[in-house]
Amino acid sequence: MRAPHRGFTLFEIAIALGLVAVAITTVATVFPVGIRAQRLARFQLYAGTKVLEMMDHFVQHEHIYFSHQVEAEILGQSLFADQVPVDLDRMMMTSHMIGLLPLPNALARRIDSDGDEIQRLVDDGGRLFYATPRAYEGGAELLVQAATGSEPPTEAQTLLIGVLGMAQQNALPNHPCLAWPYQEWWPAPPQPWEDESWSLNSAAWPAYGEFRAVFDVVNATTFDPADPDPVVERARLERYLAAAQALVTAAGVVTTAHVGGPLPVAPGDAATLPVPYCAALDPWTVTPAEEDAFPRPWKILAMRYLAHAAIVRTGSRFAGDPATADQRDYARRACDVALQWAMRYAVANPYDWGAPRPFNRQVAFDAPLLQFDLHPAGTPYVLPDGYDQSWRVTAARLPRMFGRGRGERGYQGRFGDDHAHIANDTWGDPAHFNLTAPFTADERAREIVCWAVDWRAYEDFEEVPTGPLDASTSYLDSAGVVVLAERSKAPTDAHLYWLDEARNGLWIAPGKDGEPDAARIASVEYKRMQLGVFGADRNGNGVHDRGPLPATVRQRAVTVGRWLYYDRRLPGGIRN
C-alpha cells in the first residue's frame with residue numbers, strides 16, 4: 001500500500017527559497033570577480049606576447065636601424081653615437097620597428113599605480129609606451145601608412161609598458177667622427193682616403209713619395225675604365241707593378257727574391273711569443289723583429305697594392321700577351337702573403353686604425369671598445385657654437401695612426417678634414433674606461449612592467465602634445481643641417497600627428513618620396529607639426545576623438561605583469 005503524499009510546509013519552502021537566494025547571491029557576487037580575472041588573464045597573455053616581441057627586436061637591434069649617418073665632422077653632431085641601441089627604453093622611443101609609441105607625459109601623470117611606480121618613472125625621465133594602433137612590417141611602412149582599417153582589440157592600447165631601473169652606460173658603435181673599422185677588399189688598388197691617411201701620418205709612416213708614385217699610376221678611381229689601346233694599358237699596368245714593388249721595398253717589408261720580383265715573406269708564428277712579453281709589448285713601439293705580433297699599417301697597405309698589381313698583370317687586360325707561369329706563381333704567392341699579413345694585422349691591435357680590415361674576413365668581434373668619458377673628472381667638448389657640447393670618447397688604449405672621416409654631411413657632400421679635431425678634441429682619459437670592468441648580476445638587471453588602464457577615456461587624449469622628444473629622432477644635426485633621409489629618422493608616432501589645430505588631417509612627409517624639402521622644414525608651421533604640438537590620432541582611426549573623462553579625473557592602473565631582463569652594454573646580435 002503506497003504511503004500518503006505529504007506536501008511541503010510553508011516553513012520548508014521558505015528555507016528552500018532562502019538557500020536558492022543565497023546561492024544566486026553568491027554566484028552574482030563571484031561573477032564580476034571571474035570577469036575581472038578573465039580580463040586580467042587576457043591582459044597578461046597580450047603583455048607576455050608583446051614582451052617577447054620586444055625582446056626579439058632588442059637582441060636584433062642591427063635589423064631595425066637603416067639609412068643612418070654614422071660619422072660627423074665635429075663631435076656632438078653625430079645622430080648615431082647617442083643611439084647605441086642596447087637600451088630597451090631608448091629603442092622604444094626611437095625605433096619604429098618595436099611597435100610601441102610614447103604616451104604623453106601629461107596623460108601619464110594622471111595615472112596612479114602601486115607604489116607610485118608610474119609617477120617615479122616619469123619623474124626620473126622615463127616614458128610610458130602604448131601599442132601602435134596599426135600593425136606594420138617595417139619602419140618605412142609605418143611612416144607612410146594610411147590611418148584606415150579596423151582598430152585593434154581594446155587590450156592592445158589599454159596596456160601601458162614601462163622600463164624600470166637605471167640603464168647602463170653603453171659602448172659606442174663607433175667613434176662619432178670616424179666609423180672604424182673601415183674595410184676593403186684584399187687585394188685592391190689604393191683608395192683616395194688611404195692617400196689622405198698616409199699623408200696625415202707621413203711624419204711616422206715612411207715612403208709617402210713611393211706611395212704617391214703608385215697612386216698616381218693606378219688608384220681606385222682611375223683603375224677603370226681601361227685605356228682602349230691595349231699597348232698603352234699594358235704599359236700603365238707594368239708601371240703600376242713596378243711602382244708597387246718599389247713601395248714594398250721602401251716601406252721596409254722583408255722580401256725574398258722571386259723571378260717575378262721581390263716577394264714579401266710570410267708572417268712568423270707570433271703565438272710562440274711568451275704571454276707576459278706580449279702583454280707588456282707596446283704595439284706602437286715594437287722593433288722590426290717584433291712586428292710579427294703587431295704589423296705596421298703602411299706595410300700592410302703596401303703588400304695589398306703589390307698583390308693587386310701582380311694579379312692584374314695576369315688578367316685579361318694583357319690580351320695578346322698572356323702571363324707566364326712565373327708571373328702567375330708570383331701573383332698567387334704575393335696575394336697569399338698579403339692576405340696572411342692582413343689577417344694578422346686585423347687581430348693584432350683593435351686600436352691601430354691605420355689600415356682597413358679585409359672584407360674577406362667576416363667575424364663577429366672586430367670592433368674596438370669605445371665609450372663616452374662620463375667620469376666626474378672628464379671634461380666635455382664644447383662645440384664651436386658655444387652652446388652644444390659632447391662627452392669625449394675614451395678607450396682602453398687611445399687609437400693612433402688614423403686618418404680623417406670618410407663620411408658626408410647629409411646632402412651637402414663630404415665634410416671637411418676632421419683629423420686634427422679627432423686627434424686633439426675628442427679623446428678622454430683611458431683611466432676612465434670601464435667597459436671591461438667586473439660587474440655583478442644586479443648591475444645588469446632592469447624590469448619591464450605592464451599596466452592596464454583606459455587612458456583613451458580622457459577627453460583630450462588625442463589633443464595632448466606628444467611630450468618630450470629625443471633629439472636623435474630628428475634628421476637634423478645640432479647645426480640644423482639635414483643629414484638623413486626623412487623617413488629614416490622621425491619620432492615613432494610622427495605618422496599620427498595632427499596636421500594643424502583643426503585636426504582634420506595627419507602628418508605628411510615633406511618633399512617627393514620623403515626627401516627633405518628645406519624651405520618647408522624651415523617653416524614654423526612644419527616645425528609645430530613635426531614636434532607633435534597638435535597631438536596625435538592615438539587610436540589610429542583617422543578621426544579626432546574625445547573621451548568621456550575630464551582631464552582632472554585620476555585613474556588607477558592595474559599591474560598586469562613584470563619581467564626582468566639583462567641590460568647589456570655592448571651592441572650585438574645572436575643571428576645575422
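Phi angles of the stretch 231-236 translate, via the Karplus equation with coefficients 6.51, -1.76, 1.60 and θ = phi - 60°, into HN-Hα couplings of 5, 5, 5, 4, 5, 4 Hz per residue; Gly and Pro are given as x.
When each of the peptides 390-399, 122-131, 552-561 is scored by how many other beta carbons lie within 10 Å of its residues on average, the order from highest to lowest is 390-399, 122-131, 552-561. By the gyration tensor of its Cα atoms, with a ≥ b ≥ c the square roots of the eigenvalues, what is the shape of the stretch 370-432: rounded for a/c under 1.5, prolate for a/b over b/c, or oblate? Since a/c reaches 1.5 but b/c is at least a/b, the shape of the stretch 370-432 is classed as oblate.
A cut-off of 5 Å between modelled amide H atoms, ignoring neighbours fewer than 5 places along the same chain, links His175 with Trp180. Taking amide H positions as modeled 1.01 Å from N, with prolines and chain starts lacking one, the residues under 5 Å from Glu459 and 5 or more places away or on another chain are Gly547, Leu549, Ala551. Exposure proxy for Lys527, Lys50, Lys299: other Cβ atoms within 10 Å of each Cβ, ordered fewest to most, give Lys527, Lys50, Lys299. With Cβ to Cβ distances under 14 Å as the rule, what net charge do the other residues near Arg313 carry (K, R +1; D, E -1)? Neighbour charge sum, excluding Arg313 itself: +2. Report, in whole Å, the centroid distance computed from the Cα atoms of the stretch 325-355 and the stretch 180-201. Going from one Cα centre to the other spans 14 Å. Backbone phi angles across the stretch 546-560, fed through the Karplus curve with coefficients 6.51, -1.76 and 1.60 (θ = phi - 60°), yield HN-Hα couplings of 9, x, x, 8, x, 5, 7, 7, 9, 10, 10, 8, 9, 6, 9 Hz in residue order; Gly and Pro are listed as x. Backbone amide hydrogens, once placed in the peptide plane, bring Leu506 within less than 5 Å of Leu499, excluding anything fewer than 5 places away on its chain.
Taking the charge dipole of the stretch 247-359 about its Cα centre, with +1 at Lys and Arg Cβ atoms and -1 at Asp and Glu Cβ atoms, the residue from Ala251, Phe318, Pro288 reaching farthest to the positive side is Phe318.
FYI, it's all coordinate maths here, none of it is from the lab. Predicted model only: the values in this text are computed from it and were never measured. Every residue, glycine among them, receives a Cβ derived from its backbone with ideal geometry; neighbour counts consider all protein chains shown.
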